[in-house]
Amino acid sequence: MPGKRKAVRVQHGALPYRVGPDGGIEILLVTSRETRRWIIPKGWPIKGLKPSKSAAREAYEEAGVRGAVGPKPIGGFVYDKWLEEGVSVPCEVSVFPLKVERQHRTWPERHERETRWCGPEEALDLLDDAGLRDLVAGFVRRLQAPKAAE
């Protein structure tokens, strides 16, 4: 079936954000462990946790942040996940918003990844994945919409 790929694996991701001192939206990105590309925290479903809570756990483990996670996904994207066997599989990520309330000094993967708070434009420049870029851009537009109406 040419065209749209069917994802064979599912992951849950968090889009950590906060309102900066100037009132602007800031997005937290992390690097992947292998390629060091800028991404959002994401991972496999965790048994016993709802998808949103699974995404929040990944955000803590990968970026050291905790906060209020939205119960419904803001969207999703598909990417090729490289497995240890050296093969890749299409993986669909459901992304949940995470309004960061606290960033810890230490967390499980702090020595394996970099983290960076950035404005929306910088975040979009750093993200390689077009689907993830579109999701972040749409989320930021929705967050900023009420301000524009005032």
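Counting only alpha carbon atoms, the long axis of helix 51-63 and the longest principal axis of the chain meet at about 80°. The tail of the calculated P(r) for the chain, taken as Cα-Cα distances beyond 22 Å, holds 38 percent of the pairs. Sparse packing (at most 14 other Cβ atoms within 10 Å of the Cβ) combined with a DSSP loop state is found for the following trypsin sites (Lys or Arg not before Pro) in region 51-149: Arg105.
Taking a sphere under 12 Å around the Cβ of Glu61 and counting the other residues whose Cβ falls inside, with K and R at +1 and D and E at -1, yields a net charge of +2. Normalised per residue, the accessible area of region 1-145 is 58 Å², obtained with a 1.4 Å probe and no contribution from ligands, DNA or RNA. When shorter helices are ignored and each DSSP H run of at least 4 residues is given -39500 (n - 2.57), the per-residue value for the chain at 222 nm works out to -8500 deg cm²/dmol. For the chain, lysine pairs separated by 8 or more sequence positions, or belonging to different chains, with Cα-Cα distances below 26 Å total 27. Carbon-plus-sulfur accessible fraction, the chain (probe radius 1.4 Å, protein heavy atoms only): 50%. Under a model in which nothing but the beta-carbon of Lys, Arg (+1) and Asp, Glu (-1) is charged, the chain shows a dipole of about 620 debye around its Cα centre. Taking θ as phi - 60° and the Karplus parameters 6.51, -1.76 and 1.60, the scalar couplings of region 98-110 work out to 10, 7, 6, 10, 8, 10, 6, 6, 10, 7, x, 10, 5 Hz in sequence order, x denoting glycine and proline.
Computed from Cα positions, the angle between helix 130-149 and the longest principal axis of the chain comes to roughly 20 degrees.
The values are calculated or read from the model by the stated rules, or taken from the named source; none is laboratory data. None of the values given here were measured: they were computed from a predicted structure. Backbone-built Cβ (ideal geometry, glycine too); neighbour counts: all protein chains shown. Just the protein is used for accessible areas: all its heavy atoms, side chains included, with ligands, DNA and RNA removed. Shrake-Rupley method; radii C 1.70, N 1.55, O 1.52, S 1.80 Å.
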